[in-house]
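The values are calculated or read from the model by the stated rules, or taken from the named source; none is laboratory data. Bear in mind that the values here come from a model prediction, so they are computed numbers and not experimental data. Backbone-built Cβ (ideal geometry, glycine too); neighbour counts: all protein chains shown. Accessible surface is based on the protein model in full, side chains and every heavy atom, while ligands, DNA and RNA are left aside. Shrake-Rupley method; radii C 1.70, N 1.55, O 1.52, S 1.80 Å.
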Amino acid sequence: MISSRKQEKVNEAVLQLEKEEKGCSVKGVVCHVAKAEHRKNLIEQTLHHFGGIDILVSNAAANPVFGPILQTPEEGWDKIFDVNVKSAFLLAKDIIPLMEKKGSGSVIFISSLAAFRPQEYIGAYCVSKTALVGLTKVLAEECGHMGVRINCIAPGMIKTNFSEAFWKNDAVFKEFLKIVPLGRIGLSNDIGGAVSFLSSDQASYITGETLVISGGIHSRL
């Protein structure tokens, strides 16, 4: 089940998957994850079409604020945490019991390298992504006995619409590449491969972990 806030994005993703993965059963639904009725519909539609939920990938993010963190307005802070953290938790809260009944499942939160390396002018976003790392660890402890694994992925700079302000600016982009050991920006497939692995039986003994995918930019000592 594919979801996005915009119908055209849903349609685009469904058509692409149907074209690339012959015989793949794909459905799509509009979902603004910060809205309870949208989350409920997403889950209901998934259960209706597929009979259950084996994997949850929580990838929604918002960052409407740019500037020093102490200048972040309350409404901006609330929006960031409603979308980036609260909705991820509430989706997991509703879906994990369904996985528990089956005795298996995989939840993957998409955090960010910014969770480990705070970036100037997007402080609230960085804090929200750090919160997802903590949520991963707490849920992994609580859900292990259910057979449900909880992991997290922390991408570096990925070439998406969300980050286009960085990679479309030639001067900024060239400076950024100087700190990337692999010398390139990340692509969606770089993250998709990791999601596939963490969702698979090959990762059946991995839970509570955060996988950094940053082209070699250091995230820890």
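Filter the range 134-153 down to the residues that are of a type in the set (D, E, K, R) and in a helix (DSSP H, G or I), then identify the one that is nearest to Ala88 (Cα to Cα).
The residue in question is Lys137.
Which residues, taken from the range 154-177, are open to solvent by less than 50 Å² (accessible area, probe 1.4 Å) and either touching a residue at least 60 places away in the same chain (Cβ under 8 Å) or assigned to a strand (DSSP E or B) (or both)?
Within the range 154-177, Ala154, Pro155, Gly156, Ile158 meet the criteria.
In the range 178-199, what residues are more than 17 Å from Thr160 (Cβ to Cβ), more than 14 Å from the chain's Cα centre (by Cα) and surrounded by 12 or more Cβ atoms within 10 Å (Cβ to Cβ)?
Ile179, Leu182, Phe197
Cβ-Cβ below 7 Å, separation at least six or inter-chain, first residue in the range 138-152 and open to solvent by less than 20 Å² (accessible area, probe 1.4 Å), second assigned to a strand (DSSP E or B) and of a type outside the set (A, V, I, L, M): which pairs?
Correct list of pairs: Val148/Gly105; Cys152/Phe109; Cys152/Thr210.
Please find, among Ile158, Ile122, Ile150, Ile110, the residue that is closer than 20 Å to Val65 by Cα, in contact with a Cys (Cβ under 8 Å, 6 or more places away or on another chain) and not hydroxyl-bearing (Ser, Thr, Tyr).
Within the list Ile158, Ile122, Ile150, Ile110, the selection yields Ile110.
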